[in-house]
Amino acid sequence: MPNNAYSFNGLMVQQVISHRIHPKNEQREIVPPKISKKVIPLSVQIKDTLQRRLTKALGNRSHGIEMSIVNTESGSFFDTAARILHKNEQGFIDDSAIFATTLTQAQSSTTAPGGVLFVVSGRVGDDSKPFLCVIKAEPQDGFNAKDDEEGITIEYLEQLLLTDSTRLFKIGFLVAETTRPESEIQAKDYRAFLFDHLM
């Protein structure tokens with residue numbers, strides 16, 4: 001089913017945590033991810049910008065699709081994400097690290113670059129349904145312009161992420177259409193979406 005059958009309007013971010021994913025080292029060995037131990041404090045500006053980025057990306061019909069949920073085993077993306085939606089803040093922090101470890105292992109046979117993995121929870125739609133999404137963002141560089149009395153200077157920025165024009169990110173998104181206790185999690189109660197600029 002195409003993702004234009006689902007509206008991502010009204011998306012509200014509630015919690016965000018990030019983990020750093022490393023590329024393989026010079027010996028082609030896996031480098032463990034750097035795991036964060038706390039959520040990111042969200043200013044109004046950060047929250048608003050992230051909400052706009054996600055709504056725009058997920059609503060892009062040419063790069064986003066709805067996925068069938070097939071793998072529901074323990075440790076799968078679906079199982080981990082669905083269970084995190086039932087956790088308190090500390091559970092969100094602890095279990096979000098599973099995605100960083102899983103992605104690092106999945107990239108063991110590739111030449112994928114490093115980046116930052118964001119795990120975001122919140123609500124979406126008119127019915128304020130809970131969602132969890134995972135974003136892999138690859139950094140890019142750029143410049144910041146500053147005005148002073150003598151003119152304009154520029155500052156080099158090495159680690160820009162999730163800029164409005166960047167294509168260097170991928171999103172996995174799971175929303176609960178029906179809310180049930182954690183012991184009754186079923187794939188039929190959820191919808192899953194994937195955004196990738198390479199699609």
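The values are calculated or read from the model by the stated rules, or taken from the named source; none is laboratory data. Please read all numbers here as calculations on a predicted model, not as lab measurements. Ideal geometry is used to build each Cβ from the backbone, glycine not excepted, and the neighbour counts take in all protein chains shown. With ligands, DNA and RNA removed, areas are computed over all heavy atoms of the protein, side chains included. Shrake-Rupley method; radii C 1.70, N 1.55, O 1.52, S 1.80 Å.
Descriptive notes on the structure:
- Within the stretch 65-79, the presence of a residue that is within 18 Å of residue 13 (Cβ to Cβ) and not polar (S, T, N, Q) is excluded.
- Any chance residue 109 is of a type in the set (Ser, Thr, Tyr), over 15 Å from the mean Cα position of the chain (by Cα) and surrounded by fewer than 12 Cβ atoms within 10 Å (Cβ to Cβ): yes
- Within the stretch 89-134, restricting attention to residues that are free of Cβ contacts under 8 Å to residues at least 12 places away in the same chain and small (Gly, Ala, Ser), the residue that is farthest from residue 46 (Cα to Cα) is 109.
- Subset of the stretch 166-183 that is of a type outside the set (A, V, I, L, M, F, W, C) and either at pLDDT 90 or above or within 17 Å of the chain's Cα centre (by Cα) (or both) - its residue that is surrounded by the fewest Cβ atoms within 10 Å (Cβ to Cβ): 178
- In this structure, residue 93 does satisfy being open to solvent by less than 70 Å² (accessible area, probe 1.4 Å), in a helix (DSSP H, G or I) and modelled with pLDDT of 90 or more.
- Residue within the stretch 81-88 that is open to solvent by 50 Å² or more (accessible area, probe 1.4 Å), more than 19 Å from residue 40 (Cβ to Cβ), modelled with pLDDT of 90 or more and not aliphatic (A, V, I, L, M) present: yes
- Search result, residues across the stretch 27-84 that are farther than 18 Å from residue 95 by Cα, of a type in the set (A, V, I, L, M) and outside any loop (DSSP other than H, G, I, E, B): 44, 46, 50, 54, 57, 58, 65, 67
- Checking the stretch 112-125 against the condition returns a match, with at least one residue being closer than 19 Å to residue 16 by Cβ, among the charged types (D, E, K, R) and either touching a strand residue (DSSP E or B) at 6+ places or on another chain (Cβ under 9 Å) or surrounded by 13 or more Cβ atoms within 10 Å (Cβ to Cβ) (or both).
- Complete set of residues in the stretch 1-60 that are closer than 17 Å to residue 194 by Cα, at pLDDT below 80 and not small (Gly, Ala, Ser): 1, 2, 3, 4, 6, 60
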